[in-house]
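Bear in mind that the values in this text are calculations on the coordinates, not laboratory data. Model, not experiment: these values are computed from the prediction. Backbone-built Cβ (ideal geometry, glycine too); neighbour counts: all protein chains shown.
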Amino acid sequence: VLKAGAAYVPLEMSYPHERLALLLEDSGAPVLVTRSDWESSLPSFFGATLLLDDEAPLLARKPTHAPAVPSSADSLAYVMFTSGSTGRPKGVMVPHRGVVRLVCGASYFRFGPEHRYLQLAPTAFDGSTIEIWGALLHGAQLVLAPPHSLSLEELAAFFRRHAPTSVSLTTALFEQMALHQGET
């Protein structure tokens, strides 16, 4: 999406149908990129729909280099919608410079090609920005957690299986994991 000079709007599939419809309408997105198994869960969309799994063979034959599309630090990278505490979600437009400022040269987190960064935050939550782009802009591997909430046992098994070297956790989740670790 970014290589094509476009911006993205992450949607959380667990959101109510009405909220998804509102976000799609407010964003003005001309293309919806999704999977065929999610298509029936999405509201009507009047733009083009690209089903990644159906189009995978065609997409695999396309060039991998970025097309010659002008972009700058001020170009829009993504639109993140607020939780809607006022009753209506508000789209916050984030330019490329905002992402780069957050993750490049950050002294509060180490990113590098030797890291395996676990993405736990939903993509529609702004906290996912550091997980996704921190890893990808530094050549690290991004390990995707399942889209559903994991129990402590499932999370511990996921950690053992995928061996992430970096993860962002809330204090409460870290404490629960530390306590659970002592039980296993």
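Data overview
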{"item": "Mean residue ellipticity (222 nm) of the chain, computed from DSSP H runs ≥ 4 via -39,500 (n - 2.57), nearest 500", "result": "-10000 deg cm²/dmol"}
{"item": "Neighbour-count ranking [beta-carbon atoms within 10 angstrom, fewest first] of Ser83, Ser40", "result": "Ser40, Ser83"}
{"item": "Relative exposure of Arg101, Arg116, Arg160, Arg61, judged by other C-beta atoms within 10 Å (fewest first)", "result": "Arg61, Arg160, Arg101, Arg116"}
{"item": "Nearest 10 degrees, 0 to 90: helix 171-183 Cα axis against the chain principal axis", "result": "40 degrees"}
{"item": "Using alpha-carbon coordinates, inclination of helix 152-162 to the longest axis of the chain, degrees", "result": "80 degrees"}
{"item": "Helix axis angle, 17-27 relative to the chain longest principal axis, alpha carbon, degrees", "result": "60 degrees"}
